[in-house]
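Values in this text are rule-based calculations from the coordinates and carry no lab data. Only a predicted model underlies this, so the values are computations on that prediction, with no experimental measurement involved. Heads up, the Cβs are rebuilt from the backbone with ideal geometry, glycines too, and the neighbour counts pull from every protein chain shown.
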Amino acid sequence: MNLPYPLFIALRYLKSKKQHRGISFNTVVAISGVAVGVMALLVVLSVMSGFHEDLQKKILGANAHVIVQSFKGGIEEYPSVIEKLQGVPHVVSLSPFVLGQVMVSAGPRAHGVFLRGIEPSSELRTTDILKHIKQGSVKNLVRKEGDAPWIVIGRELAGMLGVSTGDPVNVISPVGEMGPLGMLPKVKQFRVAAIFEMGMFEYDTSLVLTDIRAAQEFFGFGSAVSGVELRLDDIYRAPDVRDAVKERLGFPFHARDWMQMNRNLFSALKLEKFAMFVILILIVLVASFNIVSTLMMNVMEKQKEIAILKSMGATHKGIMLVFMLQGLLIGLIGTTIGIAGGYLLGKILNNYEIIKLPADVYYLSKLPVKMKWIDFVVVSVSAVTISFLSTLYPSYYAAKMKPVESLRYE
């Protein structure tokens, strides 16, 4: 198969001058620069995507996709509200809840938490907390006559308090009750029925669950609830469902979706990912200077060959094409090696969990990696485009050389 002469010459120029034994050192440096830049960019973007997805998964695992509440503070006739919401498109399950801030103590140890009153059967269909129980069982979430009400706590909180399943804990409300000596804190004893682990420090230390009736009694809600949780079949339809809920229920009810409740966090993550892309693409830009220097050295070394090609009828376009193809080949080879290296390193980081994270600082206990094809496409196109642009000046310089001046002293 006969190759076009610009491609044939470009492939020859990639090799070393001595007997064409291998790729020249300058070419290796240029390819390595592109490969390292692409690999670093892919790994960082994959980590950012994994962090975003893992954080989103944990947040949505512990919280509903849409929450319906009332401006009056509580929802009295919540069964009728649930009945009205049953037919809303994309809603697959609903669950009432009671929420309040309390202090949980065991002996001399205490910690501030959010106490959420739930119905275990409906909560299992609405959130994933009860699916992450590590000690105890959902079957234990039954209050027997005369026993203390059950409570489910996170593993980190259990370690802080030094308790396990079956142990008693005291729940203290900051809103006290009037006693003979004035306002006294409200204290009630609960029994640890199960311990969950979401893998996110904030939830494992600051969220506890109990029976909805026990929470209503403790907070003095009567028959009212704080709100109703909705789980959707498509989390990205949450704004549509939120609007449909508002229209169906009207005032004084309002709804918030998970995007609204975590807008600042996810917006910051997107901005950080874009900033890292811009910063790391500079590595590829630096590597492009190696391509420029390699091509310029080739042009200076090959002045005689360029002159001979021109005297044989090669056009300016043909000469430009030779060096443009040479630089493009460097970019393509480097990008291919970088993609393979980035994919392999991403797999290693994801499968073997080499890097551990302090959960109390980063919310996550391990470095998450999520490789997306769109990241690979964007990085590949960017790297090849930068490599191609870096060939323009050396190719133009080679094309405008005059064969007579190059051959004058030969």
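Per-structure values
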quantity: Ranking of K188, K144 by count of other Cβ atoms within 10 Å, fewest first; calculated: K144, K188
quantity: Ranking of L389, L207, L295 by count of other Cβ atoms within 10 Å, fewest first; calculated: L389, L207, L295
quantity: Amide H contacts of V66 (H built 1.01 Å from N, under 5 Å, at least 5 apart or other chain); calculated: L230
quantity: Theoretical gain in end-to-end length, L11 to V92 [0.36 nm per residue, Cα-Cα removed]; calculated: 23.1 nm
quantity: Taking segment 144-259 and dividing mean pair separation by its residue count, relative contact order in percent (alpha carbons under 8 Å, at least six apart); calculated: 27
quantity: All aspartates and glutamates inside 12 Å of K131 as judged from Cα atoms, apart from same-chain residues fewer than 8 positions distant; calculated: E123, E197
quantity: In segment 291-391, trypsin sites (Lys or Arg not before Pro) in a DSSP loop with at most 14 other beta-carbon atoms within 10 Å; calculated: K372
quantity: K72/K186 FRET efficiency (R0 30 Å; Cβ-Cβ; nearest 0.05); calculated: 0.85
quantity: Nearest-0.05 FRET efficiency for H254 and A148, computed from C-beta distance (R0 51 Å); calculated: 0.90
quantity: Rounded to 10°, Cα long-axis angle of helix 238-249 versus longest principal axis of the chain; calculated: 30
quantity: Relative contact order (%) - criterion: Cα under 8 Å, at least six apart; region: the chain; calculated: 28
quantity: Extension gain, M297 back to K131 (0.36 nm per residue minus Cα-Cα distance, nm); calculated: 53.4 nm
quantity: Scattering curve values for segment 72-250, log₁₀ I(q)/I(0), Debye with Cα scatterers, q = 0.10, 0.17 Å⁻¹; calculated: -0.42, -1.10
quantity: V378 versus E217: modelled label distance in nm, points set 7 Å from Cα along the beta carbon direction; calculated: 5.4
quantity: Percent of beta bridges antiparallel (DSSP, segment 72-250, rounded to nearest 5); calculated: 75
quantity: Over segment 72-250, relative contact order from alpha-carbon pairs under 8 Å, at least 6 apart, %; calculated: 35
quantity: Dipole axis of segment 72-250 (+1 Lys, Arg; -1 Asp, Glu on Cβ), positive-most option in I82, A214, F97; calculated: A214
quantity: Long-range HN-HN contacts of A194 with modeled amide H, under 5 Å; calculated: I151, I153
quantity: Per-selection Kirkwood Rh - the chain (Cα, Å, 1 d.p.); calculated: 26.3
quantity: Computed FRET value (nearest 0.05) for N170 with T385, which takes r as the C-beta separation and R₀ as 45 Å; calculated: 0.10
